[in-house]
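Notes to accompany the following structure.
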Amino acid sequence: MSGQHFSKPITIFIKQKSVLAYIASKCLHTNKAAIVLGSYIFIYGCNKEQFIANTKWFNHELQHVHQYQQLGFVIFISKYIYYSFKYGYYLNPFEVDARNHELKRANIFANVRIK
């Protein structure tokens, strides 16, 4: 997982005021949250511009998009849920990998189109 980036152009979709992300924010005891499903990033607690401007958070979620691309939707979701039960949210290997990508320079994701 580590050290990867988007080699060909990809379009991601950011959905604001997401009920799914709202539920995640309550589970994580925070006022902002994002959940990625495939190439869709569902956010709560901020608008699209604020989310994109938060490079650390944006890179974290983009790494989850990349993880979906690498493994496919069903395999990623299955492994993510399994790892969450086995290790918990913070030690889930997918979350650890995404946190490791938070400080990457923005040009690593230069091939990303946002809608």
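Amide H contacts under 5 Å for TYR40: PHE13, restricted to partners 5 or more places along the chain or on a different chain, H placed in the peptide plane at 1.01 Å from N. Taking 0.36 nm per residue of sequence separation and removing the Cα-Cα distance, the ASN111/ILE52 pair yields an extension gain of 19.8 nm.
Of the DSSP H helices in the chain, those with a Cα length along their own long axis of 15 Å or more and a mean Kyte-Doolittle hydropathy reaching 0.0 comprise 73-87. The count of lysine pairs in the chain with alpha-carbon distances below 19 Å, taking only pairs 8 or more places apart or on different chains, stands at 16.
A short reminder: the numbers here are calculations on the coordinates, not readings from a lab. Worth saying up front: this structure is predicted, and the values here are computed from it rather than measured.
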